[in-house]
Amino acid sequence: MKYTFYIYLFLLATFIACKSEDRKTEVDNTIAEVKEDFAPDKRVALFDVQWKDGKLIGETNLPEAHDALLAKLAANDIEFSDSIQLLPAAELGSKHLALVTNSVANIRSAPKHSAELATQALMGTPLNVFKSYGSWYLVQTPDDYISWVDAAAIVLVDQPTLNKWFEKEKVVVTEMISSIYSDDNFEDIVSDVTAGNVLEVNGYQNGNYLVTLPDQRTGVIQGDHAISYEVWKNSRNTSDSNLIQTAQKMMGSPYLWGGTSPKGIDCSGFTKTIYFLNGMVIPRDASQQINEGELIDEDKNWENLQVGDLLFFGVPATDTTRERVVHVGMWIGDGKFIHSRGRVRISSFDPEDELFDAAELKRYLRTKRIRNQPSENILTVEQVLQ
């Protein structure tokens with residue numbers, strides 16, 4: 001009798017464990033489905049959720065994904081407690097926004113200076129702030145990229161403060177590399193600046209702009225190194241000449257993984273910066289940019305290409321592996337393209353040209369055209385900077 005009782009307990013425990021494991025598998029599959037629907041690319045959307053002992057834990061910046069998960073679980077009669085943290089974190093209070101205060105803010109894959117450089121943001125760029133960790137903040141850039149920035153590179157603001165900043169008169173730096181000085185003697189430097197930096201303007205003196213940085217530092221920038229934001233935004237266009245001139249101004253800039261400024265720039269950061277300085281905000285990475293626009297070429301028919309088309313390079317897909325996009329450049333005509341590899345340089349597909357690039361020709365994938373191609377993933381500078 002006693003032996004039978006123990007067998008019964010063992011079988012019951014086994015049944016409960018199996019049922020619990022089946023339920024966990026069901027919940028895990030549901031979480032995976034929601035993540036695929038709402039946050040397939042972890043670079044631009046955060047949905048880090050797990051199921052543990054009947055409890056949902058983790059975090060997300062997507063309320064709609066959170067609601068969808070709860071609805072799916074309820075529809076399947078799954079009992080649970082919800083401990084998912086919706087971002088921004090409550091501890092930030094009303095200051096869950098920020099403005100970049102350095103000429104270039106380094107945004108890293110983890111909250112430490114030794115972490116990989118994921119991307120950069122320019123002075124005056126508004127950011128969403130999700131949470132803090134020590135002296136670091138998890139932020140999202142206007143092109144939706146999510147990574148960590150050091151507190152020293154930003155100033156936290158609330159929505160009313162950001163709205164007031166949007167309304168202020170501003171200038172945009174047009175010189176690739178310049179400086180803000182304490183006065184018009186141009187001796188003591190307040191900050192370096194780079195093309196695309198946005199500053200509040202307080203006046204115009206002796207042909208120069210009196211400016212305030214987002215963190216309230218003040219100074220002077222040479223009048224021919226910046227222009228009114230209103231003039232700048234209304235004069236942006238992606239004409240052939242504008243794209244080529246902007247790209248060539250960065251010739252020789254060193255390659256920097258994660259870089260998006262003339263100080264140091266990677267391949268997709270280069271194409272992104274070319275378009276940003278001419279009014280378009282395109283996705284950050286080559287593997288994202290390749291999903292935009294119109295397919296122009298896959299067969300090396302260079303006569304079909306136009307200035308501004310983006311050329312993508314990498315490893316083609318096979319029966320067992322996915323395509324890998326590892327490089328991007330911009331077509332400038334006459335068989336040539338400009339790209340950041342080692343440094344910003346011009347290469348050619350003409351074997352008779354001294355700039356012939358056999359290595360890139362060998363790994364060419366296809367060309368896409370993003371000019372005048374509507375996309376929810378492509379914004380105007382006015383949408384970003386108000």
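Inside the stretch 200-230, residues that are in contact (Cβ under 8 Å) with a residue 12 or more places away in the chain, assigned to a strand (DSSP E or B) and not charged (D, E, K, R) make up a count of 15.
Suppose the filter is closer than 30 Å to Arg217 by Cβ and surrounded by fewer than 16 Cβ atoms within 10 Å (Cβ to Cβ); does Glu91 pass it? Yes, satisfied. The combined condition, being under 25 Å from the mean Cα position of the chain (by Cα), among the hydroxyl-bearing types (Ser, Thr, Tyr), modelled with pLDDT of 95 or more and more than 29 Å from Val173 (Cβ to Cβ), is fulfilled by Ser287. Return yes when Gly259 is surrounded by fewer than 22 Cβ atoms within 10 Å (Cβ to Cβ) and either in contact with a Gly (Cβ under 9 Å, 6 or more places away or on another chain) or farther than 24 Å from Ile146 by Cβ (or both) and no when it is not. Criteria not met by Gly259.
Condition first: in a helix (DSSP H, G or I) and either of a type in the set (A, V, I, L, M, F, W, C) or exposed (fewer than 15 other Cβ atoms within 10 Å of the Cβ) (or both). Now tell me which residues in the stretch 68-88 satisfy that.
Ala68, Leu69, Leu70, Ala71, Leu73, Ala74, Ala75
Mind checking whether some residue in the stretch 161-178 is among the aromatic types (Phe, Trp, Tyr) and farther than 27 Å from Phe130 by Cβ? For the stretch 161-178, residues among the aromatic types (Phe, Trp, Tyr) and farther than 27 Å from Phe130 by Cβ: absent.
Return a yes/no flag: does the stretch 260-267 have any residue that is hydroxyl-bearing (Ser, Thr, Tyr) and more than 15 Å from Val344 (Cβ to Cβ). Checking the stretch 260-267: not a single residue is hydroxyl-bearing (Ser, Thr, Tyr) and more than 15 Å from Val344 (Cβ to Cβ).
Within the stretch 179-197, can you find the residues that are assigned to a strand (DSSP E or B) and under 13 Å from Leu213 (Cβ atoms)?
Across the stretch 179-197, the qualifying residues are Ser179, Ile180, Tyr181, Ile189, Val190, Ser191, Asp192, Val193.
Could you tell me which residue of the stretch 25-59 is modelled with the lowest pLDDT, considering only residues that are assigned to a strand (DSSP E or B) and open to solvent by less than 60 Å² (accessible area, probe 1.4 Å)? The residue in question is Trp51. On the given criteria, is Leu138 in contact with a Leu (Cβ under 7 Å, 6 or more places away or on another chain) and either in contact (Cβ under 8 Å) with a residue 60 or more places away in the chain or at negative phi (or both)? Judged against the criteria, Leu138 is not a match. From the list Asn234, Asn163, Asn242, Asn197, the lone residue that is open to solvent by 30 Å² or more (accessible area, probe 1.4 Å), in contact (Cβ under 8 Å) with a residue 24 or more places away in the chain and within 25 Å of the chain's Cα centre (by Cα) is Asn242.
The values are calculated or read from the model by the stated rules, or taken from the named source; none is laboratory data. These numbers come from a predicted model, not from an experiment. Neighbour counts are summed over all protein chains in view; Cβ atoms, including those assigned to glycine, are modelled from backbone coordinates with ideal geometry. Heads up: the accessible areas ignore ligands, DNA and RNA and are worked out on the full protein's heavy atoms, side chains in. Shrake-Rupley method; radii C 1.70, N 1.55, O 1.52, S 1.80 Å.
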